[in-house]
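Have a look at the structure below, then the notes.
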2 protein chains.
Amino acid sequence: MGEFELIDRYFKRPARRHPLGVGDDCALLGLAPGMQLAVSCDMLVEGRHFLATVDPRKLGHKSLAVNLSDLAACGVEPLAFVLALALPQADDAWLEPFSRGLLALADQHGCELVGGDTTRGPLNICVTVFGQVPPGQALLRSGAREGDDIYVSGTLGDARLALEAFRGTVSLSGEVFDATRARLETPTPRVALGLALRGVASAAIDVSDGLAGDLGHILDQSRVGARLEVDLLPGLMAAPTGAVPHERRLECVLAGGDDYELLFTAAPAQAGAVAAAAAAGGVAVTRIGRIEAEPGLRIVDGGGRPVPHRYASFDHFA
Amino acid sequence: MGEFELIDRYFKRPARRHPLGVGDDCALLGLAPGMQLAVSCDMLVEGRHFLATVDPRKLGHKSLAVNLSDLAACGVEPLAFVLALALPQADDAWLEPFSRGLLALADQHGCELVGGDTTRGPLNICVTVFGQVPPGQALLRSGAREGDDIYVSGTLGDARLALEAFRGTVSLSGEVFDATRARLETPTPRVALGLALRGVASAAIDVSDGLAGDLGHILDQSRVGARLEVDLLPGLMAAPTGAVPHERRLECVLAGGDDYELLFTAAPAQAGAVAAAAAAGGVAVTRIGRIEAEPGLRIVDGGGRPVPHRYASFDHFA
């Protein structure tokens, strides 16, 4: 199978929503009149973002999911994406399920594959995704204000727990392993929640590198600090409390990464609107703390006493 | 140096033309009212698209140049790009010149770096570039018509000759090697020519995989054939005729690849407009053949007699 046959067989579908898709030097996209274009890009490398043994269908899903999650974090409506793929060889047994998982998620979100590039090389998957948002309505990291509540969607830490089970540092029952593994391998981008939070949230980010570190990005860019209530945190994990020691649980929730939930802030007066957005987004949201004027991240227990911590964001080069 | 410091030090600059650049989940771009968005994406892998020994500054230039060349081929005005980078390590001695070469070319074209991703992994450079074009004015591969003239800009085959010199299959004098090496390592995207060809060319593509193969894409998508005049072809190479045997020369011109010149078609009545576009684009264009109704690519000598050939497009998986 040659390069062009590979593209035709697995990735070329008729352009639907957009004027020109796969098969020319550029793809052409039409935005709705007056909309801003939003762009995000993620590169996935074997051994760092996924295990060599992962089901290619799930990898196809995740490759787009992590990008849609970035759009969700900005309250952006997905439009289209391009895929660049370096492959050690053109292997039908990998390409068929990979493209199936990728395009199934794309179809769920009406997000069309419009172009890309294919080359031989160490396995590398790079997706760039495009969306549209009315000017001034994108959710940014820089909008958090003193007194805002801090919320997170869904559950946190289970993806990291699955990774630790793969690494052999924790042992999980079959049922718990299956559930946490699904969180690691097929995350759900919170696109509907992100759209519903336009005009409600003051700042937002998706939790990809870990709650503490990603909250740190909001704090840095908003020039504020935050207080997180540690008693609320272990309950964020879906895995049963007996499955993993308390300390490990807290670490997974605060610094696990790969969660692809939305972490956002909103003024207390928006509490009702946040609940409505959660209902519209089809996912629970939990209030976990409050924005404060004093810079830095403070984690406190139920009595307001500081809990020492050393949680930071995942860093590919640290 | 950590991931975020790396981004801050080498790639983050204040957003100028666009509302939001590096440092949030998405970048935000404003298109001029009524314009279509054009997108292209190229992934460069060590050992396939560049040699491990290449000057990182030139590699930075080339990483964006090959993408701008795709915009040029569609007659699109560059706006912005995102960069995804997998690096074996965070190395200042590589990142500083790489980012300098990349951003120097970006500045030349007013094409702003607005986002991207950085990870550890085998060296892989993936650029996705965005531009704008008035609806219906993009140059496509599918517009060639019987009787159109076929043109190519600049010179062809010298990049391939340099590659062969690196591989040791040809020997070049120092001066010829330097000139051909510049064509391989720092190609010039024909952006101004592409813009000037809007409304003039009937079809266009950039020559990245080889003249014969890339012309084949125009023929396939336009459902036509072509006749190329072989006597015109060897003269397209800049390297002096004594530097390389005739057969090798023809092969470099027809199937060399990595040229990043524009190959386009235009009705004979547009000959004057093509000359004006070439002047506006600051590059010579040469008429090399004619589109015919009969499918297939025929290469003929000065007497119209067919020359057997076996030239096809470069294929990463063939």
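Just the number, please: percent antiparallel of the DSSP beta bridges in the protein assembly as shown, rounded to the nearest 5.
Values: 82 of 111 bridges.
So the antiparallel bridges amount to about 75 percent of the total.
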Rounded to the nearest 5, the percent of DSSP beta bridges in segment B:3-133 running antiparallel is 70 percent
Between the Cα axis of helix A:271-281 and the main Cα principal axis of chain A, the angle (0 to 90°, nearest 10) is 30 degrees
A correct Karplus calculation of ³J(HN,Hα) over segment B:110-116, with 6.51 cos²θ - 1.76 cosθ + 1.60, θ = phi - 60°, whole Hz and x for Gly and Pro, returns x, 10, 8, 6, 10, x, x
With the dipole of the protein assembly as shown defined by +1 on each Lys or Arg Cβ and -1 on each Asp or Glu Cβ, the option from A:Pro33, B:Tyr260, B:Gly304 whose Cα lies farthest towards the positive pole is A:Pro33
So for R0 = 45 Å, FRET eff. of A:Ala276-B:Asp220 from the Cβ-Cβ r, to 0.05, ends up at 0.30
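Average partner chain C-beta neighbours within 10 Å, per residue of A:30-38?
Numbers: counts 4, 5, 0, 2, 1, 2, 8, 15, 9.
Partner-chain Cβ atoms within 10 Å, mean over residues of A:30-38: 5.
Please compute the net charge surrounding A:Ala165, taking Lys and Arg as +1 and Asp and Glu as -1 over other residues with Cβ under 15 Å from its Cβ. Spell out each step's value before the answer.
Details: positive: A:Arg160, A:Arg167, A:Arg181, A:Arg183, A:Arg248, A:Arg249; negative: A:Asp158, A:Glu164, A:Glu175, A:Asp178, A:Glu185, A:Glu251, A:Asp258.
Local charge sum for A:Ala165: -1.
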The lysines whose Cα lies under 22 Å from the Cα of B:Lys62, excluding any fewer than 8 residues away in the same chain, are B:Lys12
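Taking each residue in A:111-123, count the Cβ atoms of any other chain within 10 Å of its Cβ, then average. What number comes out?
Values: counts 0, 0, 0, 2, 6, 7, 12, 4, 10, 6, 11, 8, 3.
Mean shielding count: 5.
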If N is the residue count of segment A:149-300, its Cα Rg over 2.2 N^0.38 Å rounds to 1.02
Distances in nm between the label point of B:His309 (7 Å along Cα→Cβ) and its equivalents in the other copies, shortest first, are 6.6
Lone Cys, chain A, Cβ cut-off 4.7 Å -> A:Cys41, A:Cys111, A:Cys252
Whole-Hz Karplus couplings 3J(HN,Hα) for segment B:196-213, θ = phi - 60° and coefficients 6.51, -1.76, 1.60, Gly and Pro as x, run 6, 8, 4, x, 10, 6, 8, 7, 7, 7, 9, 8, 10, 9, x, 3, 5, x
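Take the Cα atoms of segment A:211-318, build their convex hull, and give its volume per residue in Å³.
On the way: hull volume 14.4 nm³, N = 108.
With only Cα atoms used, segment A:211-318 gives 134 Å³ per residue.
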Label points for B:Asp220 built 7 Å along Cα→Cβ; distances to same position in the other copies, nm, shortest first, come to 4.5
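Given axes a ≥ b ≥ c from the Cα gyration tensor, I'd like to know whether chain A is rounded (a/c under 1.5), prolate (a/b larger than b/c) or oblate. Before the final figure, lay out each step's value.
Numbers: a/c = 2.26, a/b = 1.37, b/c = 1.65.
Oblate, because a/c is 1.5 or more while a/b does not exceed b/c.
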Amide H proximity to A:Glu292 below 5 Å, modelled H, separation 5+ or other chain, gives A:Gly147, A:Gly225, A:Ala226, A:Arg227
Restricted to chain A, the DSSP antiparallel beta bridge percent, nearest 5, is 70 percent
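Over all residues in B:124-135, what is the mean tally of Cβ atoms on other chains that come within 10 Å of each residue's Cβ?
On the way: counts 10, 3, 14, 5, 13, 2, 6, 1, 1, 2, 0, 3.
The mean count of partner-chain Cβ atoms within 10 Å per residue comes to 5.
Given an 8 Å cut-off on Cα distances and at least 6 residues of separation, report the relative contact order of segment B:1-118 as a percent. Could the numbers behind the result be given before it?
Values: 132 pairs, mean separation 41.7, N = 118.
Relative contact order, segment B:1-118: 35 percent.
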With label points set 7 Å from each Cα along the Cα-to-Cβ direction at A:Asp231 and A:Glu96, the distance between them in nm comes to 5.6 nm
Mean shadow area (nm²) of the C-alpha convex hull around the protein assembly as shown is 28.5 nm²
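FYI, it's all coordinate maths here, none of it is from the lab. Source: prediction; values computed, not measured. Cβ atoms come from the backbone with ideal geometry, glycine included; neighbour counts cover every protein chain shown.
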